[in-house]
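Report on the following structure.
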Amino acid sequence: MKRYESLVFRLTGMVFILLFVTILVLLILVNIQMDSQFSNYLQMNAAAEITHHMMHGAAERHYISSIHQSLFWVGLGMILLSVVVSYVIVRKLTAPLLDLTAAVRTMQKGKYGQTVFVKRHDEVGILAETLNTMSEQLARNDAMRRQLFASIAHELRTPLAIIQGNLEGMIDDVIPSEKTTFLSMEDEVLRMGRLIQDLRDLSLAEVNELALHKELIQMNVLLERAVNMMQPLCDEKKIHVCMRLYPELPDIMADRDRINQVIYNILNNAIRYIESGCAIRIQTSICYANGKKMIQTDIADTGNGIAEEDLKHIFQCFYRTEKSRNRKSGGSGIGLALAKQFIQSHGGTIVAHSQIGKGTVFSFTLPV
């Protein structure tokens with residue numbers, strides 16, 4: 001906001017102009033009154049001898065009365081002018097505030113997304129823009145909350161339906177009560193348990209209440225072990241993994257299990273979504289952010305990439321670029337949301353860059 005667009009500057013200028021005009025008019029009128037009346041006074045008393053102690057005569061009283069009347073009418077006129085100008089100014093200033101108040105009351109009733117059109121660049125305009133942004137954000141958050149509940153219900157309904165179907169089949173002697181059936185049901189129960197635990201961890205991380213069991217760890221060692229564990233999946237899809245690890249990387253104080261979960265989530269997504277014969281590149285380096293020494297880890301692939309409209313949502317809970325929610329083509333959509341919260345809980349950052357046809361790069365930093 002420019003200085004001349006500020007309400008303080010504008011109101012100060014208007015008051016100064018009003019006072020300046022008032023004083024100027026008073027001076028002009030008083031001068032005119034003095035010239036005309038005093039000239040008449042001199043003409044009427046030219047032949048008379050005037051002394052310092054003489055009593056006021058008719059001419060003197062007429063002159064003084066004229067001055068008082070002029071000042072009275074000028075003052076009354078300026079008061080009326082001040083009232084009119086003040087009313088116009090206040091009316092103009094409060095009109096958008098009334099619109100803002102109406103929009104706030106509408107949002108108070110739970111109707112988000114209300115915006116106010118205020119074409120101004122002063123404090124009122126900034127307030128209107130802030131309110132519009134907040135209203136749109138509340139509308140998006142409300143839609144995300146509804147989508148979150150729907151996604152949770154979907155993720156829980158599938159294993160529950162499988163368990164219920166198996167139990168009903170065994171009760172009706174349609175499905176044999178065999179060990180394989182119980183193992184299948186156990187898998188679904190474990191899947192529900194993992195989902196519920198992930199949701200709990202995510203909610204705790206968002207309010208900075210997630211318990212972290214920190215210890216000194218080596219990022220290079222974690223990456224090497226993760227690649228070794230995922231190597232069978234890479235061999236199955238003929239994916240080549242290239243590692244460029246920074247030598248003598250300093251230790252970091254972090255929760256080993258949480259950081260491992262971040263690495264596995266990113267690697268698992270890369271292996272799942274890229275085509276056979278593609279490559280994955282893992283690199284570590286030293287960087288500085290806000291004067292702090294950080295370890296940066298880049299996990300890049302040469303897959304098809306992520307569309308721009310999907311890229312800005314991939315860290316949202318239950319968001320998946322594959323809309324069918326088929327478990328063969330993707331997970332529940334909570335892994336990257338957890339990864340972001342875990343990294344932020346450690347004081348780091350995580351971002352994703354992607355180009356269609358060239359691949360995707362996930363980069364996260366952790367403080368040394």
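The values are calculated or read from the model by the stated rules, or taken from the named source; none is laboratory data. Everything quoted here is computed from the prediction, not taken from an experiment. Please note: Cβ atoms are built from the backbone with ideal geometry, for glycine as well, and neighbour counts cover all protein chains shown. All accessible areas refer to the heavy atoms of the entire protein, side chains included, with ligands and DNA or RNA removed. Shrake-Rupley method; radii C 1.70, N 1.55, O 1.52, S 1.80 Å.
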- Percent of accessible area on the stretch 193-328 owned by carbon and sulfur, 1.4 Å probe? 48
- Task: Note down the nm distance, to one decimal, between modelled labels 7 Å out along Cα→Cβ at F117 and at L190.
- Result: 6.0
- Note on the structure: Largest-first ranking of V361, V351 by accessible area, probe 1.4 Å, whole protein assembly kept, is V351, V361
- Hey, can you rank 186-195, 334-343 by average C-beta count inside 10 Å, highest first? 334-343, 186-195
- Query: Roughly how many Å² of H62 are accessible to a 1.4 Å probe, to the nearest 10?
  - Reply: 110
- Inter-probe distance in nm under a simple model that places probes 7 Å from Cα toward Cβ, at K292 and E275: 4.1
- Message: Sort 124-137, 141-154, 167-180 by packing, meaning the average of other beta carbons within 10 Å per residue, with the highest value first.
- Response: 124-137, 141-154, 167-180
- Query: What full-extension length gain, to one decimal in nm, is calculated for K92 and V207 as 0.36 nm per residue of separation minus the Cα-Cα distance?
  - Reply: 37.1 nm
- Under a point-charge model restricted to the Cβ atoms of Lys and Arg (+1) and Asp and Glu (-1), what is the dipole moment magnitude of the stretch 209-306 relative to its Cα centre, in debye to the nearest 20? 140
- Query: Using alpha-carbon pairs under 8 Å, 6+ residues apart, how would you state the relative contact order of the stretch 101-259 in percent?
  - Reply: 15
- Calculate, in whole percent, how much of the Cα-Cα pair population of the stretch 180-250 lies beyond 17 Å. 70
- Message: Before I look further, what does the stretch 268-314 give for accessible area per residue, probe 1.4 Å, in whole square angstrom?
- Response: 51
- Message: On a 19 Å Cα-Cα criterion, which of the cross-link pairs K312/K358; K92/K119; K109/K312 come out too long?
- Response: K109/K312
- Message: If I take R0 = 22 Å and measure r between the Cβ atoms of Q197 and T158 in this structure, what FRET efficiency does the formula 1/(1 + (r/R0)^6) give, to the nearest 0.05?
- Response: 0.80
